[in-house]
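What follows draws every value from the coordinates through simple rules; no lab data is involved. Only a predicted model underlies this, so the values are computations on that prediction, with no experimental measurement involved. Backbone-built Cβ (ideal geometry, glycine too); neighbour counts: all protein chains shown.
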Amino acid sequence: MLISKKTFYLWTLAAILSVFVISGCSKDSEDKKDDNNSFTNSVVEEDKSEAIMALFTEKYNRDSEEVVITIHKETDNYVRGSVKFNEEPEEMYLFLAAKEDQDWQLVFEGASAVPCSAIEEYNFPEDMVSDCYIPPVATEVDHKEIDIDSIDWKTYSNDVHAYSVEYPGICNAFAADNNVQFTGELNNDDHWPSISVIHYNSQYYRPAADTDVNEWVKQFPGFTKGGDISIAGLPTVHFVQERTANVFAGDYYYFIKGDQLFSIRILHTDDRVDWNLYNRFLNSFTFVEEVVEEVEEMPTEVEGTDVDSQVACVTDEDCVPVPGCHPHQCINANFVDQYEQPEMCTLQFECSAAYNAEDCLCQSNVCVNINLTEGCTE
């Protein structure tokens, strides 16, 4: 069949246009396909995060609002990430999760690198577990127990929270507003003993009065429940942290006095453990009950060393702040030598504290802190 040039050109033009139309449809189809894949992936990622969140909230008895999960590396069946809890936001824990039989499970959680043996059977991608470690062969460390009766013991007193505790003279006491650390001399590149008493002013550390410490304090990854113990006659929660590649073993104690949560942390630095010394410290922790009595007649000379005598006065010149970082108590200057001034203090200012002798007056023969009576605003 013969085809005219005009007809040929028309057919050619139609063919070219059809190619553009088909290409455009194909491109739209691919774009829609990509959009669908992107949407599907986002749903999968959301489900994955929710599944892992559920594992943590169920295992550690938390609400989802109390847990912060960050995913660092992931595949369809494996996840590496970190988790934090609102109670102690400064603490971060590593976790590894794997999916088996359509269910996610936590393979490891802890404050340090994961032992290679713990994840060997799960076949994690190499880039997720390249920092796993093989624990060194255990060697017996020859540490002799200290004769606790042969060393000097000192007393640390905290005026704000009204407690005292005995600590071994081989330690230095470093006091701050929210904690005090008792740290020994350097041994084998680590300080031992290493004991801290913590009483932060955060929401977690300020529960309502009469709160049950067993219901308030929650477990953290890497911790196991320790034995029953009472500190200062109060119910106490005891957690144990096992030794890992880069974290020393430790014992953590939590108890509540009034509306303040206290934490005592003992780290077994240098892999050294001496429970005779530790128990002496724990058993000596006591709260000083406040005694308020009216003073009718005060002698012109201060006699004795009881509490009433320490705050007795005749003139304003008799009264000075009790040694401390942010003292709220004024005493007679004759008793200043019975107290130790902390080596370190924070720069935090408390308007109710008595920093100078001018803040102390003798009223009704009793030394008083006028900043407390005037009702300042922090």
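3J(HN,Hα) couplings calculated from phi for segment 98-105 with the Karplus curve 6.51 cos²θ - 1.76 cosθ + 1.60 (θ = phi - 60°) are, in sequence order, 9, 9, 9, 6, 6, 10, 7, 9 Hz; Gly and Pro show x.
The label-point distance for GLU88 and ASN188, in a model that sets each label 7 Å from Cα toward Cβ, rounds to 2.5 nm. The fewest-to-most ranking of THR57, THR236 by surrounding Cβ atoms within 10 Å reads THR57, THR236. Amide H to amide H, with H built 1.01 Å from N, VAL366 comes under 5 Å of CYS313, counting only residues 5 or more places away or on other chains. Residue separation of ILE370 and TYR133 scaled by 0.36 nm, minus their Cα-Cα distance, works out to 79.4 nm of gained length.
Order of CYS132, CYS171, CYS313 from fewest to most other C-beta atoms within 10 Å? Don't jump to the answer; show the numbers that get you there.
On the way: CYS132 18, CYS171 22, CYS313 26.
Starting with the residue having the fewest Cβ neighbours, the order is CYS132, CYS171, CYS313.
Taking amide H as placed 1.01 Å from N in the peptide plane, TYR163 has its amide H under 5 Å from the amide H of ASN158, VAL288, each at least 5 places away in sequence or on another chain.
Amide H contacts of VAL114 (H built 1.01 Å from N, in plane; Pro and chain starts excluded): TYR133 sit under 5 Å, all sequence-distant by 5 or more or on other chains. Output ³J(HN,Hα) for segment 209-225: one whole-Hz value per residue in order, computed from phi by the Karplus curve 6.51 cos²θ - 1.76 cosθ + 1.60 with θ = phi - 60°, and x for Gly and Pro. With coefficients 6.51, -1.76 and 1.60, one gets 4, 6, 6, 6, 5, 5, 8, 7, 7, 10, 6, 10, x, x, 9, 10, 6 Hz.
Label positions at TRP216 and THR75, each projected 7 Å from the Cα along the C-beta direction, are separated by 4.6 nm.
Under 1.5 on a/c is rounded, so check that first for segment 307-373, then, if it is not, pick prolate when a/b is larger than b/c and oblate when it is not; a ≥ b ≥ c are the square roots of the alpha carbon gyration tensor eigenvalues. If you can, show how the numbers build up before the last one.
Numbers: a/c = 2.50, a/b = 1.39, b/c = 1.79.
Since a/c reaches 1.5 but b/c is at least a/b, the shape of segment 307-373 is classed as oblate.
Cβ crowding within 10 Å ranks TYR167, TYR252, TYR133 as TYR133, TYR252, TYR167, fewest other Cβ atoms first. Length gained on full extension, ILE148 to MET53, computed as 0.36 nm times the residue gap minus the Cα-Cα distance: 29.5 nm.
Model label points for SER117 and GLN105, set 7 angstrom from Cα along the Cα-to-Cβ axis, are 1.9 nm apart.
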